[in-house]
Amino acid sequence: MAIWLKRGASAEAKADADRKVRDIVEAALADIEKRGDEAVREMSNRFDGWDREDYRLSQAEIDACVDSLTAQERKDIEFAQAQVKNFAQIQRDSMKDVEVETMPGVVLGHKNIPLNSAGCYVPGGKYPLLASAHMSVITAKVAGVKRVITCAPPFQGRPARAIVAAQAMAGADAIYALGGIQAVGAMALGTQSIDPVDILVGPGNAFVAEAKRQLYGRVGIDLFAGPTETLVIADDVGCDPEIAATDILGQVEHGPDSPGVLLTNSEKFARETMAEIERLLQILPTADHARKAWDSFGEVIVADSYDEMVRIADEIASEHVQVMTAEPDYFLKHMTNYGALFLGSRTNVSFGDKVIGTNHTLPTKKSARYTGGLWVGKFLKTCTYQRVTTDEASALIGEYCSRLCALEGFAGHGEQANIRVRRFGQRNVPYAGQAEPTEQTKA
């Protein structure tokens, strides 16, 4: 049976925090819907200290951000974007349109149709997370989305130059220096100056995530992306305590509510990793965020076996799962609930976050139980069509359909089938509501 050497915050505490965020977001979105640009500007002033008449960046502002990059910075962004584009294209190529004759005279098919517009949120309040521009804009463009707009908060009192450059290099059609609830609400609901989009994508803080949740249905969303989550599954064969500690702290620096969990089958390894975490927290430049997250949300679990580790990991359903054990492929084969797997000590979450090519917008808060992360398919609608090409097929399908409609009591539906049988078949079929002919009436 597994033992917990360290536990995170209680479910009640998390629910209370979620409730407070929910109320704030609900009021803010109602205000944006009512007052549009005026409400957006007030919120930008209040939350970001950022005031402009028009939050859309001019081409001159965008060019200045791109030109501010050093040659190496530009090369690094181009490399990362090439990896993301390549893998997104591989995914797109795997999605085929289909058309098949399922029986003589019956043709069924589907088409993968790009959405017409997408709004991409790029977080950047504490750190300018330019990688989110690659993950969202490029993926949408590979899918074929016609209009892709982006929002990112200002950084240190001005547009975040690296984010803006990455958004432009990724192919965004319009770039806004706007953050938080006001950005997500403006893109989804539309304002006097911003046309609404069909889908919202991209990670963000708790307020952004809650805004997307409340807007779902008005627009599509990629997934429910809350605070960054990391689960390190490790043993003393596939990993060492320093690497395990580094990989946990490397993710919980995102913010004070980011869970970091160690799952192992060795109590000795667990305690040595905890000691390493304490040592690294003395020297890590972002220890202020990491310490709060580790103290409040960090967990250390010691399990008896790989089977138990898989069971616990699937119950946690973490966004990121690093597997550094003697047999990492065991977890690839048996785990079912995760955002992304990072197998072996040679890779890590940061590779996926920044550059390796897979998408870093991933499910959190156990939503990995029912969805994967952002990918090219999120920007496509798989829409079916059908064609009946012969009289015989129409009459045959019509006969089955007519009887099934009668079972359900749908007379109008049944008549849609009956009229085809009468027109294209050899049998006399009664009109809706008319009794089946008896032998006497037939005579």
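The values are calculated or read from the model by the stated rules, or taken from the named source; none is laboratory data. The structure displayed is predicted, hence computed values, not measured ones. No Cβ is skipped: glycine too gets one built from the backbone with ideal geometry, and neighbour counts run over all protein chains shown. Remember, those area values only see protein heavy atoms, side chains included, never the ligands or the DNA or RNA. Shrake-Rupley method; radii C 1.70, N 1.55, O 1.52, S 1.80 Å.
Data for the structure
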quantity: Amide H partners (placed H, <5 Å) of E327, local residues excluded; calculated: none
quantity: For the range 46-146: span of alpha carbons on each principal axis (Å, largest first); calculated: 65, 34, 25
quantity: Cα centroid separation, the range 130-192 to the range 333-398 (Å); calculated: 23 Å
quantity: Estimated inter-spin distance, S10 and Q426, nm [label 7 Å along Cα→Cβ]; calculated: 7.6 nm
quantity: Accessible area in the full protein assembly, largest first, 1.4 Å probe, for R74, R422, R311; calculated: R311, R74, R422
quantity: Segment S296-D54, length gained on full extension (0.36 nm per residue, minus Cα span); calculated: 83.1 nm
quantity: Overall form of the range 119-205 per C-alpha gyration tensor (a/c, 1.5; a/b vs b/c); calculated: oblate
quantity: Accessible area in the full protein assembly, largest first, 1.4 Å probe, for K146, K378; calculated: K146, K378
quantity: Stretch gain in nm, segment A287-V237, where the contour uses 0.36 nm per residue and the Cα spacing is subtracted; calculated: 15.2 nm
quantity: Summed residue charge, Cβ within 15 Å of R161's Cβ, Lys/Arg positive, Asp/Glu negative; calculated: -3
quantity: Accessible-area ranking of F410, F207, largest first, probe 1.4 Å; calculated: F410, F207
quantity: Distance between modelled label sites at F224 and T336, nm, 7 Å Cα→Cβ extension; calculated: 2.0 nm
quantity: The range 137-256 - percent of accessible surface contributed by carbon and sulfur, probe 1.4 Å; calculated: 49 percent
quantity: Area accessible to solvent at W50, 1.4 Å probe radius, in Å²; calculated: 30 Å²
quantity: Packing rank of 252-262, 89-99, where each peptide gets the mean count of other beta carbons within 10 Å, highest leading; calculated: 252-262, 89-99
quantity: Max mean-square fluctuation residue, GNM over the chain, Cα-Cα springs under 10 Å, options E299, E53, E392; calculated: E392
quantity: Dimensions in Å of the chain - Rg and Dmax from alpha carbons; calculated: 27.1, 98
quantity: Sum of -39500 (n - 2.57) over DSSP H runs of 4+, divided by residues of the chain (222 nm, nearest 500); calculated: -13500 deg cm²/dmol
quantity: The range 236-281, Cα convex hull volume normalised per residue, Å³; calculated: 66 Å³
quantity: Rounded accessible area per residue of the range 1-143, 1.4 Å, Å²; calculated: 56 Å²
quantity: Residue-count net charge about K141 - beta-carbon cut-off 10 Å; Lys, Arg +1, Asp, Glu -1; calculated: +1
quantity: Relative counts (whole %) of C-alpha pair distances in the range 4-63, using bins that are 5 Å wide; calculated: 4, 14, 15, 15, 14, 10, 10, 7, 6, 4, 1, 0
quantity: Mean accessible surface per residue for the range 160-222, computed with a 1.4 Å probe while every protein chain stays in place, in Å²; calculated: 29 Å²
quantity: Residue-span extension gain [L404 to D195] - 0.36 nm each, minus C-alpha spacing; calculated: 70.7 nm
quantity: For the range 157-217, alpha-carbon Rg over 2.2 N^0.38 Å; calculated: 1.15
quantity: Hydrodynamic radius (Kirkwood) for the range 203-297, which is based on Cα pairs only, to one decimal in Å; calculated: 14.4 Å
quantity: Stokes-Einstein diffusion coefficient of the range 270-401, Kirkwood radius over Cα pairs, 10 °C, 1.306 mPa s, in µm²/s; calculated: 85 µm²/s
quantity: For the range 269-353: accessible area per residue (Å², 1.4 Å); calculated: 45 Å²
quantity: Convex hull volume per residue in cubic angstrom - Cα atoms of the range 260-336; calculated: 100 Å³
quantity: Length-normalised contact order for the range 144-240 - Cα pairs under 8 Å, 6+ apart - percent; calculated: 20 percent
quantity: Cα centroid of the range 1-69 to Cα centroid of the range 250-287, whole Å; calculated: 28 Å
quantity: Stokes-Einstein diffusion coefficient of the range 352-424, Kirkwood radius over Cα pairs, 4 °C, 1.567 mPa s, in µm²/s; calculated: 79 µm²/s
quantity: Efficiency of FRET between R311 and T389 - r from beta-carbon atoms, R0 51 angstrom, step 0.05; calculated: 0.45
quantity: With Cα atoms, 0 to 90° folded angle of helix 161-170 axis to the chain main axis; calculated: 30 degrees
quantity: Kirkwood-based shape ratio for the range 194-239, expressed as Rg/Rh from alpha carbons; calculated: 1.27
quantity: Ratio Rg/Rh [Cα only; Rh per Kirkwood] for the range 16-96; calculated: 1.16
